[in-house]
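Every number in this text was worked out from the coordinates using simple rules, so none of it is lab data. Keep in mind it's a predicted model, so treat the numbers as computed, not measured. Using ideal geometry, Cβ is built from the backbone for each residue, glycine included, and neighbour counts are taken over all protein chains shown.
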Amino acid sequence: MSAIRKHKSDLVVLFSALGLMAVGLIVIYAIGPMRANVLNNTYGTDYDSDFFFVGQLRSVGLALIAFFAAFKWIPYKYINKFAKPLMIIALILSGLLWVLAMAHSSLVKCELGECRWFNIGGLSFQPAELLKLAMVIYMADFLARKREEGVVGQWQEFWLPLIIVCGLSLFLVVIAQGDLGTGVALIAIIFGTLLVSGLSAKQYLIMLAIVLGLAVGSVITSTHRMERVTAWLTTLTGGESTDSTYHIDNAMLAIGTGGMFGVGVGNSVQATGYLPESINDSVFAIMGETFGFVGLFIVIAIFGAMLLRMLKVAEGTTESNERILVVGVFSWMLAQVVVNIMAMTSLVPVTGITLPLLSYGGTSMIFIAFAIGLVLQLSCYTSREVIRNEDISSRRRLGGTHHTSSRRSS
């Protein structure tokens with residue numbers, strides 16, 4: 001029969017997360033003064049040279065608290081009980097942001113025409129990041145319950161509530177906030193978790209086709225998004241550079257300039273104002289310039305190792321809601337890592353999506369750190385086969401233990 005025992009957490013996930021946060025701090029420390037100088041000269045702001053590094057340091061500190069809270073202090077079974085309230089809160093905050101933005105409230109922070117942050121007392125908060133975490137926890141609870149009830153795939157009990165929650169989430173993010181990057185992450189979470197829910201392949205593919213069709217529609221009906229697609233096609237086909245290709249041109253130039261080993265910390269040229277969003281969406285290109293191909297390879301390898309270990313954690317869980325949650329976190333991280341890197345290397349159009357644990361920003365880092373902490377908590381438990389009528393006392397005298405081959409090493 002199957003038994004559950006507690007053991008050490010997955011050290012690959014643990015040290016990968018901590019290592020990526022440390023690398024992000026180094027990068028922001030190097031390019032933060034340049035970013036401050038650019039903003040001061042362009043917009044007349046008065047940022048100190050260490051403003052962004054201190055901000056990132058504060059974000060890492062808060063992220064570590066969230067990380068260890070989810071890892072050590074808050075049992076997942078307790079968090080799972082609040083799946084519905086958490087989703088409701090995330091939706092209310094996203095809707096409130098939309099309403100306040102239309103009312104031009106001072107409580108809302110807007111950048112480049114998009115209003116995605118609450119601004120209270122000088123502190124900003126992006127509800128879309130909470131919505132990602134809420135979606136992971138909600139999908140794990142919802143799909144596991146529907147699987148136990150045997151109603152997966154049925155219209156009234158399964159699809160109707162799922163479409164309402166997921167459709168409203170995507171509307172508030174993609175349409176109301178104009179945030180296609182977060183929309184991509186939400187879609188990845190939804191379909192990643194559906195993949196392990198027991199849904200039939202036919203229904204899965206039908207829903208995937210419908211959502212992809214809607215996604216294409218949201219692109220072709222948006223002038224701004226179509227400009228990005230046109231710029232990408234121009235770059236892809238070797239066309240002449242224009243204002244619309246400026247971002248990707250400079251991202252590619254940054255990576256190319258880095259060569260094999262990079263120009264070194266503090267020597268970035270693109271961070272001095274040439275590459276847009278150098279500390280956020282474009283941090284991968286800046287890292288390529290700074291650390292070169294070798295540095296980028298190491299960063300990608302760390303992400304790859306973490307993601308593969310998450311799949312091992314999912315494989316070793318015994319409860320369906322735990323497995324679905326880990327797959328949801330995996331899908332969330334995979335989508336952001338792949339889309340961000342592909343955008344910076346001109347493999348897909350530029351999309352406003354951050355690189356987890358590396359890009360500047362507090363809300364994003366805090367919630368993804370909390371999610372990884374949950375994965376680590378679940379990695380502390382695995383199943384093993386206990387042989388009936390086993391003489392435990394004699395085996396202890398021999399100092400032996402009996403484990404299945406599926407036990408994860410720590």
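Relative to the longest principal axis of the Cα atoms of the chain, helix 246-258 runs at roughly 70 degrees.
Helix 127-149 and the longest principal axis of the C-alpha atoms of the chain enclose an angle of approximately 30°. When only Cα pairs below 8 angstrom with a gap of at least 6 residues are kept, segment 280-372 shows a relative contact order of 32 percent. Taken over segment 146-304, the ratio of Cα radius of gyration to 2.2 N^0.38 Å equals 1.35.
Note: relative contact order over segment 139-224, using C-alpha pairs below 8 Å and six or more positions apart, is 30 percent.
Shape summary: the chain maps onto an equivalent ellipsoid whose semi-axes, from the alpha-carbon gyration tensor, are 38, 27, 21 Å in decreasing order.
For the chain, calculate the relative contact order in percent as a whole number, restricting contacts to Cα pairs under 8 Å that are 6 or more residues apart. In percent, rounded to a whole number, it is 30. Estimated from the Cβ-Cβ distance and a Förster radius of 60 angstrom, the FRET efficiency linking ALA103 and ALA301 is about 0.80. Scanning the chain for cysteines with no neighbouring cysteine C-beta under 4.7 angstrom from their C-beta gives CYS166, CYS380.
Got a sec? Charge dipole of the chain, +1 on Cβ for Lys and Arg, -1 for Asp and Glu; which of THR351, GLN203, GLY32 is way out at the positive end? Result: GLN203, furthest along the dipole toward the positive end.
Note on segment 135-181: the C-alpha convex hull projects to 3.5 nm² when averaged across all orientations. Note on segment 176-239: percent of Cα-Cα distances in each 10 Å bin, starting at 0 and stopping at the bin with the largest distance, equals 18, 40, 28, 13, 1. Under a GNM of the chain (C-alpha, springs under 10 Å), which listed residue has the highest mean-square fluctuation: VAL337, VAL99, VAL173? Comparing VAL337, VAL99, VAL173 in the GNM, the peak value goes to VAL99. Spin-label model, ILE175/SER222: points 7 Å from Cα along the beta carbon direction are separated by 1.3 nm.
Across ALA188, ALA201, ALA254, mean-square fluctuation computed from a Gaussian network of the chain (C-alpha pairs under 10 Å connected) peaks at ALA201.
Go through LYS6/LYS202; LYS72/LYS132; LYS146/LYS312; LYS109/LYS132; LYS81/LYS202; LYS8/LYS202 and tell me which ones have a Cα-Cα distance over 28 Å in this structure. From LYS6/LYS202; LYS72/LYS132; LYS146/LYS312; LYS109/LYS132; LYS81/LYS202; LYS8/LYS202, over 28 Å: LYS6/LYS202; LYS81/LYS202; LYS8/LYS202.
By the compact-protein rule of thumb, 2.2 N^0.38 Å, the alpha-carbon radius of gyration of segment 129-221 corresponds to a ratio of 1.06.
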